[in-house]
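The values are calculated or read from the model by the stated rules, or taken from the named source; none is laboratory data. Since the structure is predicted, the reported quantities are computational estimates derived from the model, not experimental observations. With ideal geometry, Cβ positions are generated from the backbone for all residues, glycine too; neighbour counts draw on all protein chains shown.
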Amino acid sequence: MSNEWPSQFTIFILKKVRIPIKLKLRTKLLSAFLQVSILATSITGWQGYRSAKTALKETTFNALTAVRETKKRQIETYFHQIRNQIITFSEDPSVVEAMKQFKSAFHDVNSKGEFSHGQISEFTEAVNDYYGNEFGPYLPEDEKTITLQYFYIANNPNKTGFKDNLDMAGDGSKYSEIHSKFHPFVRNYQKRLGFTIFSLWIRKPATSFTASSKRLILQPT
């Protein structure tokens, strides 16, 4: 028994020594495999991220391009429709007749001296004050324009934003008579189309009749 004990003891010692060596090697192998796995996963993930990012950018760009083209067509269609509406309106016999009468009535304003120089001065001051308070310095040079702007703007009882509610000023002029006849029609057209300002123009001599919530003017331009 005494002779066998050392041999058994030696084997036991060797076994005890071999176990940590196997564990250390296994740990290294597992660590290496884990590192390789993490690296491979990271590379795959990075490539996937870049591919997804590129695809997302392309998809977004294509979507924005499609929206741009849609808006472009909508805007072009809108202005095309407005152009056709204006052309149709300008060819309306009622509008043509209105411009002829407005032109004639405009030149008749105070042609017989219905308003004195003192009154014209009052009109001028009132128009100048109105524009100065509402829009900034502006004063028409033509007395006929000043007279009409006094009655239809500066002396208009309606507040700014509702000036177009006045169909006929109390000046007894031929212009106001024609204005009361055609202005409701023009105002209705303006509001139905959603225009802020709607102007009728005579080319020669250059004259405009403007219908808006702030101004109702026939003036040389």
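Table: residues versus (1) under 21 Å from L200 (Cα atoms); (2) of a type in the set (G, A, S).
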site: K112; (1), (2): no, no
site: H117; (1), (2): no, no
site: G132; (1), (2): no, yes
site: N165; (1), (2): yes, no
site: K181; (1), (2): yes, no
site: P184; (1), (2): yes, no
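Acidic (D, E) and buried (at least 19 other Cβ atoms within 10 Å of the Cβ): which single residue out of D164, D129, D142 fits that description?
Working: D129 fails: buried (at least 19 other Cβ atoms within 10 Å of the Cβ); D142 fails: buried (at least 19 other Cβ atoms within 10 Å of the Cβ).
Criteria check complete, one pass: D164.
Please determine whether any residue of segment 86-103 is over 22 Å from Y189 (Cβ atoms) and out of contact with any Lys or Arg (no Cβ under 8 Å at 6 or more places or on another chain).
Here is the first cut: in segment 86-103, the ones over 22 Å from Y189 (Cβ atoms) are none.
For segment 86-103, residues over 22 Å from Y189 (Cβ atoms) and out of contact with any Lys or Arg (no Cβ under 8 Å at 6 or more places or on another chain): absent.
Pairs needed: first member in segment 160-174, under 21 Å from N188 (Cβ atoms); second member anywhere, outside any loop (DSSP other than H, G, I, E, B) and of a type in the set (G, A, S); C-beta distance under 7 Å; at least 6 residues apart or different chains.
D164/A211; D164/S212; D167/S180; M168/S176; M168/S180; A169/S176
Go over the candidates E114, E97 one by one and state the one that is more than 12 Å from K144 (Cα to Cα), of a type in the set (D, E), assigned by TED's automatic domain parsing to the domain that holds Y152 and modelled with pLDDT under 90.
Sole residue among the options that is more than 12 Å from K144 (Cα to Cα), of a type in the set (D, E), assigned by TED's automatic domain parsing to the domain that holds Y152 and modelled with pLDDT under 90: E97.
How about segment 98-118: which of its residues are of a type in the set (S, T, N, Q) and part of a helix (DSSP H, G or I)?
Let us first name the residues in segment 98-118 that are of a type in the set (S, T, N, Q), namely 101, 104, 110-111, 116.
Q101, S104 - these are the residues of segment 98-118 that are of a type in the set (S, T, N, Q) and part of a helix (DSSP H, G or I).
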